[in-house]
Amino acid sequence: MASKYDGLARIIIQNVGGKGNVLSLTHCVTRLRFRLKDESKANTDVLKQTDGVVTVIQSGGQYQVVIGNHVADVYDVVMSIGKFQTEGGTEDTGASGDGKKQNIGAMLIDTLSGVFTPILPLLCAAGIIKGLLGLAVFLLGNSFKDSGIYMLLYSIGDGFFYFLPFMLAYSASKKFKLDFFTGMTLAAALVYAEVKFPAIAGGDADPIKVLFSGSFMETSVYKTFAGIPIMWPKAGYGSSVIPIVFSVWFGAKVEKIWKNVIPDIVKSFMVPLLTLLIVAPLSFLIIGPIATWLSNGIGAACQLVYNINPALASALVAFIWQILVIFGLHWGLVPIMLNNYQTLHFDRFISANFVASFAQTAVVLAIFMKTRDKKLKSMAFPAFVSGVCGVTEPAIYGITLPKKIPFYISCGAAAIGGALMGLFGVTKYMSGGLGIFGFPTFIPPQESIDTLGIASDRVLYDVQMCAVVVVITMVIAFAATMLLYKENVVTAGIGNKEKTVSADKKVIAGREGLVAAPISGYAIPLSEVSDEAFSSGVLGKGVAIVPSEGKVYAPCDGEISTLFPTGHAIGITADNKAELLLHIGMDTVKLEGKYFNPKVETGTKVHTGDLLLEFDLEKIKEAGYDTTTPVLVTNYTDFADVSSETDREVTAGEDLISII
């Protein structure tokens with residue numbers, strides 16, 4: 001059955017360089033994350049212009065196509081059409097080779113996003129369930145914990161977190177190319193040991209010895225393996241994050257060796273057997289303890305930084321969060337937050353990022369209420385709704401970042417909100433939903449109440465203070481945007497009507513040295529025009545527009561010097577002596593005037609914004625013609641310089657060409 005995203009998926013596959021250029025593909029909340037063999041083969045400009053694509057980001061060794069809230073649906077269709085398959089722990093996308101070598105930072109981000117992205121939706125779901133159960137216990141009393149409802153729902157929420165190593169084993173096996181079931185068996189061994197053998201996991205037995213007592217590296221030894229101490233971390237491996245990732249990575253290396261030396265006839269069972277016999281013991285004896293020390297050290301370091309100055313540390317995290325999101329680098333902090341939940345049972349450091357999405361959302365709401373630009377208003381409201389749910393990429397890429405000042409406001413407001421989070425000591429207890437769905441994660445679950453000794457009158461403190469801080473942050477962001485975001489509106493005649501254009505799309509009323517866009521659409525360099533007469537610059541300097549509507553307006557004050565009988569081209573002599581040529585489409589002279597409806601004649605005096613011509617854009621396309629429209633200054637040698645900004649959306653009447 002065809003999907004409504006079939007067309008979009010085919011465009012994406014074609015313009016990332018085709019199936020053969022794709023090394024791997026994953027997705028997160030809003031973007032497709034490609035690893036390409038050669039990024040130079042991708043048509044970034046085409047993708048940015050494609051309906052359904054918010055923008056394209058090249059960062060962290062990934063080619064990221066930002067889609068929005070429906071990215072999972074688009075991902076499924078791309079995987080299906082591209083026939084990208086994942087089998088036996090190996091990602092086969094049809095490409096060969098390793099692509100461009102990544103630096104260490106890019107490799108780290110690529111690895112972290114590949115391992116943690118697939119489990120994020122379930123992390124959110126489980127966190128919301130546990131948070132709501134914590135609230136239910138507070139409202140209904142401890143007796144609610146004995147009910148069947150609590151038992152069943154708590155098994156869903158806490159079961160995911162307790163067996164988190166299994167989930168990570170699956171995604172890490174996919175990333176590191178280890179057999180899925182081998183990876184999950186390693187996770188099973190780590191978790192099962194503390195369930196089945198309490199003497200290994202600590203239990204009531206006295207340890208043989210305790211290493212690094214009183215420090216974050218404290219480890220007990222209860223048993224030995226062939227004389228080697230089995231070092232068991234204080235918290236065990238249930239709910240752990242880093243140990244299983246390291247074990248799977250090492251397992252992938254070992255498995256690869258066995259695959260190369262074991263005969264095919266026994267490979268199916270001997271490879272996993274020998275891999276497990278080597279990797280599992282080493283996971284208990286070396287990898288697990290070292291990874292646990294690293295985990296605890298990261299948690300202790302976060303607490304140390306936070307304790308030095310909670311307000312400053314939280315403000316910094318909140319300030320940079322949206323900047324990291326732009327480049328997809330926020331994945332470098334997500335594992336730290338998950339690790340804090342496991343080692344500390346809470347997080348106060350990274351969780352300050354929670355206010356950032358609300359700051360961005362309030363800025364977009366203010367723009368929606370203030371703008372008189374209909375196109376901008378139509379973009380702002382959906383971005384606001386998306387932001388309330390915690391997904392801010394449509395707001396960032398579509399509205400605030402291009403306008404700069406609103407983005408700066410959102411970062412500043414987020415920093416203030418983050419500082420308040422730190423000042424009030426707001427604590428987050430688990431990973432959970434985004435936006436308004438994230439509030440339950442500030443309600444401590446029962447085990448956190450028991451572990452941290454939270455008094456009953458403090459159970460709702462964090463969620464209440466978080467709500468207060470979010471409101472303050474949004475008020476600041478909204479007020480600052482209403483005050484600082486300027487939209488000086490000017491008008492210009494377009495036919496018999498007035499057209500209103502915002503300050504960043506000023507209509508040029510015959511000002512010397514500026515030429516306005518005669519057509520709305522997407523501006524591209526002349527060098528990209530298919531006709532060599534235009535792309536070579538022999539006919540003049542300027543810019544080309546891929547039109548989005550079939551109306552041509554006067555780009556300046558002047559006189560119609562030439563109107564071709566076919567209506568496909570117009571010459572204008574501007575009052576500032578620039579001679580302009582507007583050529584609608586390539587080879588459209590062959591249409592002999594069909595689909596063109598001129599509104600002026602040769603010799604007509606025109607003013608900026610006057611309607612010159614209407615043409616049937618869709619009919620011309622259907623006839624097989626390229627509608628790209630060059631806007632040229634033909635006497636450019638009379639001036640010192642003719643310049644323009646390209647690779648952007650333009651609206652008729654907006655500044656297009658500067659003449660010096």
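Quick check on the stretch 115-202: take the gyration tensor over C-alpha atoms, sort the square-rooted eigenvalues as a ≥ b ≥ c, and tell me if it's rounded (a/c under 1.5), prolate or oblate. Judged from the Cα gyration tensor, the stretch 115-202 comes out oblate (a/c at least 1.5, b/c at or above a/b). Using only side-chain charges placed at the Cβ, +1 for Lys and Arg and -1 for Asp and Glu, the dipole size of the chain relative to its Cα centre rounds to 1220 debye.
Backbone phi angles across the stretch 612-617, fed through the Karplus curve with coefficients 6.51, -1.76 and 1.60 (θ = phi - 60°), yield HN-Hα couplings of 9, 7, 10, 9, 8, 4 Hz in residue order; Gly and Pro are listed as x.
Here the 3J(HN,Hα) profile of the stretch 533-542, calculated from phi with Karplus coefficients 6.51, -1.76 and 1.60 at θ = phi - 60°, is 4, 8, 5, 6, x, 5, 8, x, 9, x Hz, Gly and Pro shown as x. Largest accessible area first, the residues R10, R35 order themselves as R10, R35 under a 1.4 Å probe with ligands, DNA and RNA left out.
Computed over neighbours whose Cβ is under 15 Å from that of F534, the net charge equals -4, Lys and Arg +1, Asp and Glu -1. Positive-end ranking of F250, F166, P207 along the dipole of the stretch 151-260, with charges on Cβ about the Cα centre, is headed by F250. Residues D6, D73, D457, ordered by accessible area of protein heavy atoms at a 1.4 angstrom probe radius and largest first, appear as D457, D73, D6.
Compute the Cα gyration tensor for the stretch 265-365, then decide on rounded, prolate or oblate, letting a ≥ b ≥ c be the square roots of its eigenvalues: rounded whenever a/c is under 1.5, prolate when a/b is larger than b/c in the other cases, and oblate in all that remain. Judged from the Cα gyration tensor, the stretch 265-365 comes out oblate (a/c at least 1.5, b/c at or above a/b). Taking the Cα centre of each part, how many Å lie between the stretch 107-128 and the stretch 361-386? Cα centres, the stretch 107-128 to the stretch 361-386: 30 Å.
If you compute Rg/Rh (Cα atoms, Kirkwood Rh) for the structure shown, which of [x] 1.07; [y] 0.95; [z] 1.38 do you land on? Looking at Rg/Rh (Cα atoms, Kirkwood Rh) for this model, the match is [x]. Counting charges near V261 (Lys, Arg +1; Asp, Glu -1) among other residues having Cβ under 15 Å from its Cβ returns a value of +2. Rounded, prolate or oblate, given the Cα gyration tensor of the stretch 166-324, with a/c below 1.5 counting as rounded? It comes out oblate by the Cα gyration axes. If you take the Cα centroid of the stretch 264-294 and the Cα centroid of the stretch 1-69, the two points sit 36 Å apart. Cross-link pairs exceeding 18 Å in C-alpha to C-alpha distance, out of K175/K256; K551/K619; K4/K37; K177/K259; K541/K590; K374/K619, comprise K4/K37; K541/K590; K374/K619.
K175 contributes about 50 Å² of solvent-accessible surface, heavy atoms of the protein only, 1.4 Å probe.
Summing charges over neighbours of L211, with a neighbour being any other residue whose Cβ is under 13 Å away from its Cβ, gives +1 when K and R count +1 and D and E count -1. Here the spin labels are modelled as points 7 Å beyond Cα on the Cα-Cβ line, and at I308 and D575 they lie 6.2 nm apart. What is the distance in Å between the Cα centres of the stretch 299-348 and the stretch 210-254? Answer, in whole Å: 25.
The values are calculated or read from the model by the stated rules, or taken from the named source; none is laboratory data. Every value quoted in this text rests on a predicted model; they were computed, and no experiment measured them. All Cβ positions, even for glycine, are placed from backbone atoms using ideal geometry, and neighbour counts span all protein chains on display. Please note that ligands, DNA and RNA were not included when accessible areas were found on the heavy atoms of the full protein model with its side chains. Shrake-Rupley method; radii C 1.70, N 1.55, O 1.52, S 1.80 Å.
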